[in-house]
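Step one of this worksheet: look at the structure below.
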Ligand code: SF4
């Protein structure tokens, strides 16, 4: 079978994944004394607690934490690793806020401020449209763009490129549009959905703790507002992702509490499809007090996410942020999804990402296969899947030795 479908809620999981997990944990080899109680909980489908999350963060043996996360990921998805073909079009960098960590935003009068009107947006997207099935659009909070602008943008996009799913607008953008247009979150989301919005990305969650938010992103939506906006999206039938920005000023406890808040909402609505943990990138931003995450900490956070978040099917290795090498390793540490064939993106690259922009599907599938997984191309909302069969690899040329 090379192509199949799934429901929005199963999102490609093995339907009997909990039974498979129970069996595999019963057969698995010995676990350390600290990890064994967590294994017992996971094998009977019990959620891990805040203390369990801290145990995972503080456990000296990283590979044991990774092994347990890989057991859960494998029970759920075997050795599949999912990706899609998307392009990022960041519609404007003009923003009325000035989050401390943000290297992207500009004031309206800045020399390099930009705001793509509908035609410019379509022209930009048009360069990539035949190669992608999703456009991912997030941007600043433009002072003049309310619901009318975005309805026009989404209608025009769907009319010109009906095959493309629009994944757009973070929670704070939804809040901004609803305030500018004097609408509730539900009214805003319903109107945008009617105009062609297909799903919401998860950006802007940062850390769901209002003391941390007051320092790193003062003025953004509160923790509760982030959750309320995503709940409203799920209620109008829009799937969403959720994220965590780590390595700024938060504690390990705040990270685990963040995951638990998202898990609880996901258990209630079933509307989160993918969790995307990504570390703060330091260059050219304004948060000198950030702790920054090491490579091991990134892998550990991905593993902890997988173990804490049983109600969110997919854990993404966001390679644009963590780089290809760590993303590949993350597929053995609980991640099952890897960012797609992004042709262009601005926000992470301004903040210091060095991942090349023009990875094609062949290169991505090579990375997936090298990690021991099978590349599966998916649609935005994890309902359609196809095994990706890569073209024959280019033959390596033997270097000619010149004899002196
Ligand atoms: S993170 Fe978003 S809301 Fe904050 S300043 Fe940057 S563009 Fe604006």
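Computed from the coordinates by the stated procedures, all read-outs in this text should not be read as laboratory data. Remember, it's a predicted structure, so these values are computed and weren't measured experimentally. In this analysis, Cβ positions are derived from the backbone assuming ideal geometry, glycine residues included, and neighbour counts consider all displayed protein chains.
Arranged from fewest to most other beta-carbon atoms within 10 Å of their beta carbon, 151, 221, 253 become 253, 151, 221.
Normalised by the number of residues in the chain, the mean separation of alpha-carbon contacts (under 8 Å, six or more apart) gives a relative contact order of 22 percent.
To the nearest 0.05, how large is the calculated FRET efficiency for residue 64 and residue 386 if R₀ is 35 Å and r is the Cβ-Cβ distance?
0.50
Of the candidates 291, 377, 36, which one comes out as most mobile in a Gaussian network treatment of the chain with C-alpha springs shorter than 10 Å? Judging by the Gaussian network model, the answer is 36.
Calculated from DSSP H runs of 4 or more alone, at -39500 (n - 2.57) each and per residue, what is the 222 nm mean residue ellipticity of the chain, nearest 500? Could the numbers behind the result be given before it?
Working: 15 runs with 167 residues, N = 404.
Helices in the chain give a 222 nm mean residue ellipticity of -12500 deg cm²/dmol.
Taking 0.36 nm per residue of separation and subtracting the current Cα-Cα distance, fully stretching the chain between residue 3 and residue 311 would add 108.4 nm. Here the residues 80, 369, 46, ranked from fewest to most Cβ neighbours within 10 Å of their Cβ, fall in the order 46, 369, 80. Convex hull volume of the C-alpha atoms in segment 5-141, normalised per residue: 194 Å³.
Work out how much length residue 32 to residue 108 would gain on full extension: take 0.36 nm times their residue separation and subtract the Cα-Cα distance, in nm to one decimal. Numbers along the way, then the final one.
Working: separation 76, 0.36 × 76 = 27.36 nm, distance 5.60 nm.
Length gained, residue 32 through residue 108: 21.8 nm.
Residues of segment 44-66 with an amide N closer than 15 Å to a point placed 7 Å from the Cα of residue 267 along the Cα-to-Cβ direction: 44-53.
Largest first, the extents of the alpha carbon coordinates of the chain on the three principal axes equal 64, 60, 46 Å. As a proxy for reagent exposure, ranking 337, 78, 209 by other Cβ atoms within 10 Å from fewest up yields 78, 209, 337. Label-to-label distance for residue 186 and residue 119 is 4.0 nm, based on points extended 7 Å past Cα in the beta-carbon direction.
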